[in-house]
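Colleague: Below is the structure I would like to discuss, written out as structure tokens.
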Amino acid sequence: MRKEKNTIEQFRDRLISQYNQNRPNTDQVSRWFMIVVAVFISLLLWFTLNMRKSYTYAVSLPVVLQELPEGYIPLNSFPKEIQVEVSGVGWQLLQLSQQPPPIGVDVKNVGSARRIDFQKLIQPRQFPIGVSIVKITPAQTILELDRKATKRVPVHFRGKISFSTTYEAVRKPIFEPAYVTVVGPEQILRNLSAWPMKEQNFKNVRASINEMVQLSDTLSGLVESNISDVALIVPVEQFTESSRSLRVEVTDLPANVSRVQFNPPQVEVVYRVPVSQFKQAEESEGFRAYVSYDRIAADYSDGTVTATIETPKGLNVRLSRVIHRKLSYFIVRDEGN
């Protein structure tokens, strides 16, 4: 009795049958091989003929400062490469593009600014025979040297932060690391007080910011920093509003003055505080409203002064507004004086 084939054997037999039906014969393979060879030879002939034609080509040549005095660097923006437009046969230009020759600038004397003429520095022998120069950009530049210096400066925040309603930053933005070490010309570093981050705007912030930001090079590469990015940290919390009535005091009261009466005798302070510190602020005795007697004695206006508001130390209390902050006053002197 004949045993029936299982599913795998049937699938294998189907693949073998399909391959045998579609397998190219020897003549088909030979025909395709000849077509491929013909296309390749045609492309090779086309490339060879075109490379014998004349073209105009722009190549970047590196600029190298030679015999630079130790401890000196360029004070002005000096190009690291120049663009040279050349003309010549394709084969010659191909060779030039693969091995662009460097342009050496011999720096022997330190002092006043020097004009560098790249047209005189480029030697024809540096190019393959038959290649001619059409244009040099820049053709000339100024080179001035200065002593190399090192300085440590703080990172500066540059940008804007807008917060969602009731949210605020607990403190000013900080960076980690907070300082960068920069190397550059002494004359530039002398006036450098900070190194800015790349300008970045944050909108509708409702959570603390802790992310890496790029530092910005605003000096066109004349000064280099030891790091390229820093961590920006801005603690953010939700704030709530509350108020407190404070009786106005007088400080530095002289001996011949019994008291000073204010109208109104108290002010109302409306303040904002982080939700996490709300209870502490409500219970704190650190709120105070006062006027220095020196300010009263120096007042020659309309007989009014403004109260100074003092908030609890250690709490992030921010004044929203003060009601009746401007006060009229009446001085009561001792009868014996």
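Colleague: Bins of 5 Å, beginning at zero and ending with the bin holding the largest distance: percent of Cα pairs per bin for region 294-337, please.
Modeller: 5, 14, 21, 16, 15, 13, 9, 4, 2, 0
Colleague: By how many nm would the segment from E144 to S220 lengthen if fully extended, with 0.36 nm per residue of separation less the alpha-carbon distance?
Modeller: 25.8 nm
Colleague: Considering only C-alpha atoms, what is the centroid distance from region 176-221 to region 119-150, in Å?
Modeller: Region 176-221 and region 119-150 have Cα centres separated by 34 Å.
Colleague: Once R0 is set to 30 Å, what does the formula 1/(1 + (r/R0)^6) return for the Cβ-Cβ distance between F40 and I133, expressed as a FRET efficiency to the nearest 0.05?
Modeller: 0.25
Colleague: Another question, then. What net charge is computed for the residues neighbouring R114, neighbours being all others with C-beta under 12 Å from the C-beta of R114, Lys and Arg scored +1, Asp and Glu -1?
Modeller: Charge balance near R114 sits at -1.
Colleague: Still on this model: Taking the Cβ-Cβ separation of S258 and K279 as r and a Förster radius of 35 Å, what is the calculated FRET efficiency to the nearest 0.05? Display every interim value, and only then the final one.
Modeller: On the way: r = 39 Å, r/R0 = 1.12.
After rounding, the FRET efficiency stands at 0.35.
Colleague: A follow-up question, please. Tell me, what is the FRET efficiency for V183 and K313 to the nearest 0.05, using R0 = 45 angstrom and their Cβ-Cβ distance as r?
Modeller: Between V183 and K313 the formula returns 0.60.
Colleague: Another one. Any chance you could get the radius of gyration and Dmax over the Cα atoms of the chain, in Å?
Modeller: 40.3, 141
Colleague: May I pose another question? With a 10 Å radius around each residue's Cβ, average the other Cβ atoms per peptide and rank 320-327, 266-273, 144-151, highest first.
Modeller: Output ranking for 320-327, 266-273, 144-151: 266-273, 144-151, 320-327.
Colleague: Could you order the peptides 199-208, 281-290 from most to least packed, using the average number of other C-beta atoms within 10 Å per residue?
Modeller: The packing order, highest mean first, is 281-290, 199-208.
Colleague: In region 264-285, which residues have a backbone nitrogen under 14 Å from the label point lying 7 Å from R321's Cα in the Cα-to-Cβ direction?
Modeller: 268-272
Colleague: Sequence neighbours fewer than 8 away in the same chain don't count; with that in mind, list the lysines whose C-alpha is under 19 Å from K160.
Modeller: Filter leaves K172, K198, K203.
A short reminder: the numbers here are calculations on the coordinates, not readings from a lab. Predicted, not measured: the structure shown is a model, and the values here were computed from it. As a convention, Cβ positions derive from the backbone with ideal geometry for all residues, glycine included, and neighbour counts pool all protein chains shown.
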